[in-house]
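Encoded as structure tokens, the structure appears first; notes follow it.
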Amino acid sequence: MTAPPHSLRNFVNGAFIDGAASFEKVSPVDGRLVATVHEADGEVVDRAVAAARQAHNGPWGRLNTAQRAAFLRRVADRIEERFEDLLVAEVADTGKPTALARELDVARAAANFRAFADVISTAGLDSYLTELPGGQRALNYALRKPLGVVAVIVPWNLPLLLLSWKVAPALACGNTVVVKPSEETPSSATLLAEIMNEAGAPAGVYNLVHGFGPGSAGELLTTHSDVDGITFTGESATGSAIMRAAAPRVRPVSFELGGKNAAVVFADADLERAVDGLERSVFTNTGQVCLCTERVYIERSVFHEVTAELVQRARSLRLGHPDDPATTTGPLISVKHREKVLSYYRLATEEGATCLVGGEVPALGGDLDRGAWVEPTLWSGADADSRVVREEIFGPAAALIPFDSEDEAVRLANDTTYGLAAAVWTRDLERGHRVAGRMRVGMSWINTWYLRDLRSPFGGVGMSGIGREGGEHSLHFYSEPTNVCVAL
Ligand code: NAD
Ligand code: 6OD
């Protein structure tokens, strides 16, 4: 299932165009060349934004809600028809197991387009009959208006899923988009451009610029004077930079940022179920999901039992080629990201933690030794103030920490500048609700992880983000309600 290297171009006003320069995208599995990517310069970004503006003022802006919803459903159909192409692209860029990309990334992308077609078709807006004491009467009703041209900037961990999660609601509300995928994962966004044409998108509705962040397409797009709103998923530090870019013209931003997510395991939990859940929440996608757990708080009476079982699970993970059905765990996204993760592996022991399993680069043999592999890793004995407990690692690693009371568990879990997600494992549902409610996060789970309804609010507090997306919550960002008051 390995695709030959190819050339990926920018997509502007319904056509693929070259960039002034190009860069190479290599596979994190074995370092082979995946694609040569055309980098957008200022001129390409200008053309993309202008095309988006023209489409917004023109044919796309004239479609009604039902027509836009029908278009989103056609995109979902085409994603399903081109499922295998998207799968190959996503796996080539990320190195993740094909089975995972099949179940999660590509399937969820089609589901997002369908879900937002439904949401926009049924979403209502406020209307009020106003009656003043003097007898004056008026009808207030709200119209939903798009922002205009939306910049969509996404990371590399779930490239197509996170792109569709933003493009679908933006288009549903009547915006046009200029998207900038991560430089690490340019392929699926490029295929989505083809799909947009196949689904009958008017030229300029979906535009794509390739490149990096600072000094490249990302910065050129977020500082562009004709962009009306910016939706971004990525690191918190990048969010700060984009916020500064948005500030001069007070443009709205929607931010889904980093996390340092906690799981809390009470002694009364179904421990087998909890360990199954923790194995998923720590190691899925090689720990490169914003919702992944990096801090596991375990009630002291079961600390050794849960720790021993988790170490076993980490040892049993199978690192290997994405197409091998036995593979559970892929590489990190790049050798550069591996340097960051390995620096935390070293730091953990320097700071006094004990490495229970992993901590090294595995020797997988052959071509794989040119990839970005790391061992799944668990630590005990990490201090609450140590950097591996406080900073996001974004790799297959977690610190295991004992606690003695419910209050202490909540205090430890909330002792972070982030606030994205938390998971609580207990058979006592009263306690589960109580603890989930006390977590200072945007999303809590009880006895599960990453099970979510696409209509539910998604986002974080603190350094984990600004705003909520998902279902009708997305409409709050991607549209502006405009009140009309008519005297009766
Ligand atoms: P990143 O912030 O480095 O890059 C994300 C995107 O922003 C890329 O397309 C990049 O090119 C672009 N970019 C970088 N600097 C920019 C700048 N100054 N101006 C404009 N664009 C810029 O993040 P990443 O390494 O690609 O992804 C991993 C991070 O994303 C982790 O921190 C993870 O927690 C976070 N993330 C959060 C969520 C969430 O929903 N909260 C989801 C997925 C990933
Ligand atoms: O599955 C989703 O709907 C979603 N938005 C996941 C985000 C994961 C972040 O890495």
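Using the alpha carbons alone, the radius of gyration of the stretch 117-230 stands to its Kirkwood radius in an Rg to Rh ratio of 1.16. Here's how it looks for ALA422: its modeled amide H is under 5 Å from those of MET443, SER444, TRP445, which are all 5 or more places away or on a different chain. Label point of THR354 set 7 angstrom out along Cα-Cβ; within the stretch 389-420, amide nitrogens under 13 Å from it belong to 400-402.
Proximity of backbone amide H atoms, modeled 1.01 Å from N, is registered between GLY14 and GLY204 at under 5 Å, excluding neighbours fewer than 5 places apart on the same chain. Mean projected area of the Cα convex hull of the stretch 147-207, taken over all directions, amounts to 3.7 nm².
Before anything else, pin down the relative contact order of the chain: Cα pairs under 8 Å, at least 6 apart, normalised by residue count, whole percent.
Working: 1128 pairs, mean separation 90.5, N = 488.
Reported as a whole number, the value is 19 percent.
Here the scattering of the stretch 163-261 is modelled by Debye summation over its C-alpha atoms, one equal scatterer each and no solvent; at q = 0.15, 0.19, 0.21, 0.23 Å⁻¹ the log10 of I(q)/I(0) is -0.62, -1.00, -1.20, -1.39.
Extension gain for the segment SER22 to ARG452, taken as residue separation times 0.36 nm less the Cα-Cα distance, is 150.9 nm to one decimal. Just so you know, the Cα atoms of the stretch 239-372 work out to an Rg and Dmax of 18.2, 55 Å.
Size descriptors for the stretch 351-488 (Cα atoms only): Rg and Dmax, in that order, 20.5, 79 Å. Summary of packing: across the peptides 131-143, 224-236, the per-residue average of other C-beta atoms within 10 Å ranks them, highest first, as 224-236, 131-143. Each principal axis of the stretch 261-453 carries a Cα extent, and these read 52, 36, 30 Å when sorted largest first. With contacts taken as Cα pairs under 8 Å at a separation of at least 6 residues, the stretch 261-453 carries a relative contact order of 29 percent. The Rg/Rh ratio of the chain, with both radii computed over alpha carbons and Rh defined as the Kirkwood radius, is 1.00. Projecting the Cα atoms of PRO481, PHE394, THR328 onto the charge dipole of the chain (Cβ charges, centred on the Cα centre) puts PRO481 farthest toward the positive pole. Across the protein chains, with a 1.4 Å probe defining accessible surface, the residues ILE333, ILE466, ILE446 rank ILE466, ILE446, ILE333 from largest area downward.
Accessible surface for GLU194 stands near 60 Å², nearest 10, in the context of the full protein assembly shown (1.4 Å probe).
Taking all pairs of different Cα atoms in the stretch 59-122, averaging 1/r and flipping that mean, what Kirkwood radius in angstroms comes out? Don't skip to the answer; put the middle values down first.
Details: mean 1/r = 0.0790 Å⁻¹.
The Cα-based Kirkwood calculation yields 12.7 Å.
Given R₀ = 45 Å, FRET efficiency for ARG370-GLU81 by Cβ-Cβ distance, to 0.05?
0.85
Within the accessible surface of the chain, defined with a 1.4 Å probe on protein heavy atoms only, the carbon and sulfur portion equals 52 percent. Here's the list of lysines a cross-link from LYS25 could span, going by alpha-carbon distance under 18 Å and ignoring same-chain residues fewer than 8 apart: LYS96, LYS180, LYS336. List the aspartates and glutamates whose alpha-carbon lies under 14 Å from that of LYS260, not counting same-chain residues fewer than 8 positions away? Straight-line reach from LYS260, under 14 Å: GLU235, GLU294, ASP385, GLU391, GLU392, ASP415.
The values are calculated or read from the model by the stated rules, or taken from the named source; none is laboratory data. Small disclaimer: the values here were computed from a predicted structure and weren't measured. No Cβ is skipped: glycine too gets one built from the backbone with ideal geometry, and neighbour counts run over all protein chains shown. Quick note on the areas: whole protein, heavy atoms, side chains included, nothing else; ligands and nucleic acids left out. Shrake-Rupley method; radii C 1.70, N 1.55, O 1.52, S 1.80 Å.
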